[in-house]
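**Student:** First the structure, then my questions, so here it is.
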Amino acid sequence: MTTDTTKIPNSLEEHWMPFTSNRDFKENPRLITEAKGVYLKNHHGKMMIDASSGLFCNPLGHGRKEITNAVTKQLEQLDYVQPFQQGFGGSFELARRIVKHTPGNLNRIFYTICGSTAVETAIKIVIAYHKARGQGQRFRFVGRERAYHGMNIGATSVGGMINNVKTFASILMPGVLHMRHTHLPEHKFIKGQPSTGAEMAEDLERICMNFGSENIAACIVEPVAGSTGTLVPPKGYLKRLREICDKHGIVLIFDEVITGWGRMGSAFASQEFGVTPDIITMAKATTNGVVPMGAVAVKEEIYDAVMDASPKGAVELFHGYTYSGIPVAVAAALAVQDIFEKEDIFNKAKAMSPYFLDGLFSLKDLSVVDNIRGYGMMGGIDIKLKEKPGRAGFECFKSCYEAGVNFKATGDCLIIAPQFICEKKHIDEIIEKLRAGISNYMKK
Ligand SMILES: Cc1ncc(COP(=O)(O)O)c(C=O)c1O
């Protein structure tokens, strides 16, 4: 007999939930029992609209038959292959499909398990690359304040969210430096890219000056910072980072775990903003979120340098995971690629973006709304501080959940990232329910 996992469990105590106020949750749980298209059903039987594509990972909607069928077929035919010194055709085919979309010559794909492992893999590839070229002294990584890159040691170290860092400060990577974030006080209610703030990129030049550019391995940024509330890069900022990296031989990594696969309106934010990094990390929407998978796209010169540094027959990079590019993840990702093409999904996202952003900005009149930002199919609504950071955001999130709209809140920011299959009526529903939820919060 199988267990019905959609039922309310007998005990909530044993599961230590991630990034959750466990005690608060267990007193008043929010359990999801079904998901279909743009809707979720909770354990009270109430339908809610999914306004953040899960955790920015299901842009194609929930319950896609094409993906379920591909995964089922794969499991029946070939459920697992060990990925070291062995392989199967699908992962090569998927890499070919992915590099059709990556910019420049980022044509080599290393599979990982998730976004965090993609970032950690990128860090290791950078070190291996510099060593291969006789530049092993480059050990410093430059991240940015308000960045989220995941939660293993590498990703936590280059991240820039203080609550994620302070408990673990003693075990983080040495030598990591942070640029300031680009969210300036004058960036109020700006739709799209702010026209001021490109000079924040000079922080990288300053770090080069103070710490020796010859010691710096890579600079990693999210082109648009997602988890801290859609911080859109000022015009010219990413281009300037690229110039500084080129000048000093620093590898530029774009972490596109959220922005990749159409969220900004192009396949990658790199194309949207016209700046090509040396490495891109991706995860989430790669499989529409249904099977864990991440990937690192690397430019050919980096791959070639690492290959050429080892004799033929040797393992060139001592790195990999049991679940690197396993059949079930590949099957889901290939089905996702088919849907991207068949439904012209990136253009669909681009076409819906103005309507979505107009809707989001229409919430400006609510007195507790402190700021709104947005680009593509993602936006952030800052709620005015209440007593201490995070309280307003969390209360507002709960009130919106009651009103029938689900999303991710970080601190006092509500992050809204609709699915790309949304029609205008769904966007309208998201905005109406946000208005109701925020208004109810104001009355409490
Ligand atoms: C930009 C970015 N990088 C990395 C990660 C980590 O991904 P994962 O949770 O799959 O490890 C995230 C997760 O939200 C992210 O937003």
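The values are calculated or read from the model by the stated rules, or taken from the named source; none is laboratory data. Computed from a predicted model, the values in this text were never measured in an experiment. Virtual Cβ from ideal backbone geometry, glycine too; neighbours counted across all protein chains shown.
**Student:** Return only the number of the condition from (1) over 21 Å from the mean Cα position of the chain (by Cα); (2) at pLDDT 95 or above that LYS312 does not satisfy.
**Tutor:** If we test LYS312 against (1) over 21 Å from the mean Cα position of the chain (by Cα); (2) at pLDDT 95 or above, just (2) comes out false.
**Student:** Just a yes or no: is a residue in the stretch 276-297 assigned to a helix (DSSP H, G or I), charged (D, E, K, R), more than 14 Å from the ligand (Cβ to nearest atom) and modelled with pLDDT of 95 or more?
**Tutor:** No; the residues of the stretch 276-297 include none that is assigned to a helix (DSSP H, G or I), charged (D, E, K, R), more than 14 Å from the ligand (Cβ to nearest atom) and modelled with pLDDT of 95 or more.
**Student:** On to the next question. Does at least one position in the stretch 109-128 carry a residue that is among the aromatic types (Phe, Trp, Tyr), surrounded by 14 or more Cβ atoms within 10 Å (Cβ to Cβ) and over 23 Å from the mean Cα position of the chain (by Cα)?
**Tutor:** Checked the stretch 109-128: no residue is among the aromatic types (Phe, Trp, Tyr), surrounded by 14 or more Cβ atoms within 10 Å (Cβ to Cβ) and over 23 Å from the mean Cα position of the chain (by Cα).
**Student:** Taking the stretch 160-177 on its own, how many of its residues are of a type in the set (S, T, N, Q) and within 16 Å of the ligand (Cβ to nearest atom)?
**Tutor:** Total satisfying the criteria: 2.
**Student:** Name the residues in the stretch 233-260 that are within 14 Å of the ligand (Cβ to nearest atom) and touching a strand residue (DSSP E or B) at 6+ places or on another chain (Cβ under 7 Å), would you?
**Tutor:** ILE253, PHE254, ASP255, GLU256, VAL257, GLY260
**Student:** Could you tell me which residue of the stretch 124-143 is nearest to the ligand (Cβ to nearest atom), considering only residues that are outside any helix (DSSP H, G or I) and farther than 21 Å from GLU202 by Cβ?
**Tutor:** PHE139
**Student:** Please note which strands (runs of 3 or more DSSP E) are completely contained in the stretch 310-424 and include at least 3 residues that are touching a Leu at 6+ places or on another chain (Cβ under 8 Å).
**Tutor:** 369-375, 378-383
**Student:** For the stretch 434-444, which residues satisfy the criterion of being within 25 Å of the chain's Cα centre (by Cα) and surrounded by fewer than 21 Cβ atoms within 10 Å (Cβ to Cβ)?
**Tutor:** Across the stretch 434-444, there are no qualifying residues.
**Student:** Is it the case, given these coordinates, that ILE415 is surrounded by 20 or more Cβ atoms within 10 Å (Cβ to Cβ) and over 21 Å from ARG30 (Cα atoms)?
**Tutor:** Answer is no for this residue.
**Student:** Could you count how many residues in the stretch 211-228 are surrounded by 24 or more Cβ atoms within 10 Å (Cβ to Cβ) and within 16 Å of the ligand (Cβ to nearest atom)?
**Tutor:** Of the residues in the stretch 211-228, 10 are surrounded by 24 or more Cβ atoms within 10 Å (Cβ to Cβ) and within 16 Å of the ligand (Cβ to nearest atom).
**Student:** Taking into account only those residues within the stretch 273-313 that are acidic (Asp, Glu) and in contact with a strand residue (DSSP E or B) (Cβ under 8 Å, 6 or more places away or on another chain), which is surrounded by the most Cβ atoms within 10 Å (Cβ to Cβ)?
**Tutor:** Top of the filtered list is ASP278.
**Student:** Looking at the stretch 63-87, I want the residues that are surrounded by 12 or more Cβ atoms within 10 Å (Cβ to Cβ) and have a partner that is among the charged types (D, E, K, R) with Cβ atoms under 7 Å, at least 6 apart or on another chain. Which pairs are those?
**Tutor:** Matching pairs, first to second residue: GLY63/LYS36; GLU66/ASP338.
**Student:** In the list GLU316, GLU272, which residue meets the criterion of being more than 16 Å from the ligand (Cβ to nearest atom) and among the acidic types (Asp, Glu)?
**Tutor:** GLU316
**Student:** Could you count how many residues in the stretch 144-159 are touching a residue at least 60 places away in the same chain (Cβ under 8 Å), crowded, with 23+ Cβ neighbours inside 10 Å and either more than 8 Å from the ligand (Cβ to nearest atom) or in a strand (DSSP E or B) (or both)?
**Tutor:** Qualifying residue count for the region: 2.
**Student:** Which condition number does PHE88 fail, the rest of (1) more than 16 Å from the ligand (Cβ to nearest atom); (2) modelled with pLDDT of 95 or more; (3) out of contact with any Leu (no Cβ under 7 Å at 6 or more places or on another chain); (4) not small (Gly, Ala, Ser) being met?
**Tutor:** All conditions are met except number (3).
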